[in-house]
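First the structure, in the form of structure tokens, and then the observations on it.
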Amino acid sequence: MKTHFLTLLFTLLLVSSCNKEKRYENRIAGEWDLTTFAINNADILSNFGLGQNSDFIIEMEFYSDGNFDTEVTVNEDFGNMVITSLTTYYGTWEIVGDQLKMTHNSDYGLTYPFIDFFEGELEEYAFEEFTIIELDNETLILESLIEGYEVDIEAVK
């Protein structure tokens with residue numbers, strides 16, 4: 001009897017875990033506009049660029065077939081000249097438990113340069129694995145720790 005109860009309990013936990021992943025997969029599909037992209041609480045969406053007025057926009061679209069694309073638009077206003085660049089990254093995604101894992105289809109992906117002051121080198125780290133903090137039909141909040149840096153992403157549909 002005790003063995004049957006433990007087996008039933010384990011099965012219920014397994015099923016609820018699978019259901020949670022499926023709910024996340026259903027909710028993440030669609031286009032998300034990043035409202036916050038912070039590294040150690042410094043939001044790089046609002047504190048980015050060299051120009052007088054910089055506009056940094058990131059849109060991520062997750063498709064139900066497991067593919068995604070990320071569009072990064074940068075508008076730099078230098079007073080007498082505005083430079084706009086658009087870069088699109090492609091890849092695949094999966095959700096395992098409460099982890100969103102993204103694999104880019106090339107050597108280039110959504111990365112951020114970090115300066116290693118001890119070595120005097122510039123290093124780039126890819127954002128590929130996040131913990132899902134909140135995911136409903138309107139809000140996506142992700143968190144990650146990359147080389148000791150806390151990365152927070154908030155997005156809306």
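Tabulated values for the structure
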| quantity | calculated |
| --- | --- |
| Residues being surrounded by 15 or more Cβ atoms within 10 Å (Cβ to Cβ) and either among the acidic types (Asp, Glu) or at pLDDT below 60 (or both) - total across the range 1-24 | 1 |
| Test for Asp69: is it modelled with pLDDT of 85 or more and more than 16 Å from Ile146 (Cβ to Cβ) | yes |
| Residue in the range 25-46 that is assigned to a helix (DSSP H, G or I), modelled with pLDDT of 85 or more and touching a Leu at 6+ places or on another chain (Cβ under 8 Å) present | yes |
| Pairs, first closer than 24 Å to Gly30 by Cβ and among the hydroxyl-bearing types (Ser, Thr, Tyr) in the range 72-98, second modelled with pLDDT under 85 and surrounded by 11 or more Cβ atoms within 10 Å (Cβ to Cβ), C-beta under 7 Å, six or more apart | Tyr89/His104; Tyr89/Tyr108; Tyr89/Gly109; Tyr89/Leu110; Tyr90/Asn105 |
| Any strands (runs of 3 or more DSSP E) falling wholly within the range 49-103 and containing at least 2 residues that are in contact with a Lys or Arg (Cβ under 9 Å, 6 or more places away or on another chain) and surrounded by 14 or more Cβ atoms within 10 Å (Cβ to Cβ) | 82-96 |
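The values are calculated or read from the model by the stated rules, or taken from the named source; none is laboratory data. Since this is a predicted model, take the numbers as computed values, not measurements. Cβ: placed from backbone, ideal geometry, glycine included. Neighbour counts: every protein chain shown.
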